[in-house]
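The values are calculated or read from the model by the stated rules, or taken from the named source; none is laboratory data. For clarity, every value in this text was computed on a predicted model and none was experimentally measured. Note that each Cβ is placed from the backbone with ideal geometry, even for glycine, and that neighbours are counted across all protein chains shown.
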């Protein structure tokens, strides 16, 4: 999972275009991109799309972004889309591990009613959209075996805390957002799930997107959300380990194995210890 593309759930045309975008995860959005009065129509469009797209050869994973747990809409969302058997759902405005457990219980009921395997529906959460949610970033470990990743988001958070701008004069994130980004990274890694970087809203500026992706990959994020199909190829390229990186990782793993899994080895004139081995194993796992 490198790229996660949002597509409005009320547009069959955009959903079809997203299906051919090359994204790893296509997210049919029932939340922010759908007006309050169009929710029911969006559920119907999304259900029809899922029923057809689930059988498409070579398709991306198909997720649905639900409305928030306290929206009064989430049960209708789940009742509408789970019978189609999507690969997963995205929970916006997640407040912590308890929200994931709560959603997991809702999913289990719908899976049983739809004769789907228990646990078949995966979860990705957007975990930083309110000030209160920041304090729950350390609570995702063990919340649910369904949970595959958590993402951070800046737009809703900015509105919640009342910032004048989320970016500084140089175009970088301001301090509140840098802190939240880092805490999301730590929270995901500590839970053993994917840390997912937020969207780049200037969707026509692909150079800036690439810079942002490279910074995120450098820091440990393994995926990024997208809002336009044109962003997908850039994201996939940056978050795909290069042949050189993969070969180096294989050599590190082989060297440790040859040394009887010693605590420290030498390779190419460099001293490597167990953290280097762990990073190499993670890199190969991502590539797989």
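Restricting attention to region 24-60 and to residues that are within 21 Å of the chain's Cα centre (by Cα) and farther than 30 Å from residue 287 by Cα, the residue that is modelled with the lowest pLDDT turns out to be 32. Every test in (1) more than 22 Å from residue 220 (Cβ to Cβ); (2) without any contact (Cβ under 8 Å) to a residue 40 or more places away in the chain; (3) in contact with a helix residue (DSSP H, G or I) (Cβ under 8 Å, 6 or more places away or on another chain) is passed by residue 112 save one, and that test is (3). For region 201-213, the condition of being touching a strand residue (DSSP E or B) at 6+ places or on another chain (Cβ under 9 Å), within 19 Å of residue 131 (Cα to Cα) and in the same structural domain as residue 132 (by TED's automatic domain parsing) holds for none of the residues.
Restricting attention to region 176-195, the residues that are surrounded by fewer than 15 Cβ atoms within 10 Å (Cβ to Cβ) and over 16 Å from residue 130 (Cα atoms) add up to 3. Among the candidates 70, 99, the residue that is out of contact with any helix residue (DSSP H, G or I) (no Cβ under 7 Å at 6 or more places or on another chain), free of Cβ contacts under 8 Å to residues at least 60 places away in the same chain, surrounded by 19 or more Cβ atoms within 10 Å (Cβ to Cβ) and within 30 Å of residue 175 (Cα to Cα) is uniquely 99.
I'd like the residue in region 127-150 that is touching a helix residue (DSSP H, G or I) at 6+ places or on another chain (Cβ under 8 Å) and closer than 15 Å to residue 63 by Cβ and, out of all such residues, is surrounded by the fewest Cβ atoms within 10 Å (Cβ to Cβ). The extreme case among them is 146. Looking only at residues in region 151-175 that are assigned to a helix (DSSP H, G or I) and out of contact with any strand residue (DSSP E or B) (no Cβ under 9 Å at 6 or more places or on another chain), the one that is surrounded by the fewest Cβ atoms within 10 Å (Cβ to Cβ) is 175. The residues listed here are 18, 88; of these, the one that is modelled with pLDDT of 95 or more and within 25 Å of residue 137 (Cα to Cα) is 88.
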